[in-house]
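The structure under discussion appears below in the form of structure tokens.
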Amino acid sequence: MEEAMRKLLNDTGGSIERDGDTLRLVSDDPNSLDRVHDQLRDRHTRAVARRLLLSGAETGSTSFMFNRQAAAAGVVALCGSEAESPLGPIYAKLDSAKVMGVIDWLTAYESG
């Protein structure tokens, strides 16, 4: 799973913390999400991604799922349910004091 997450995110030198089956990638580099941003734009999935990210949003964070098979190939594919990932999804949580701004940036149409 660590390899899949590294393929989805820019390797910006963030640290990986492991707690049982949970991996946490910690990075202060805003460029760490560039690959996710670019793939959402290139694959024309911004509207769906926005809906999924907003549905999991709470104060200071959002939770969502990546398709495990796609992630292993370095492809960003968000899941709306566990059933959409036959091998089981990769659960992700994005923490940020500006989580709504991050969601807006990841799913913006005006940026390209």
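Bear in mind these aren't lab numbers, they're just calculated from the coordinates by the rules spelled out. Just so it is clear, the model here is predicted, and its values are computed rather than measured. Note: ideal-geometry Cβ built from the backbone for every residue, glycine included; neighbour counts use all protein chains shown.
Got at least one residue in segment 31-38 being among the charged types (D, E, K, R) and in contact with a helix residue (DSSP H, G or I) (Cβ under 9 Å, 6 or more places away or on another chain)? Yes, that holds for at least one residue.
Residue 62 meets each of the listed conditions (1) on the phi < 0 side of the Ramachandran plot; (2) loosely packed, with under 12 Cβ neighbours inside 10 Å apart from (2).
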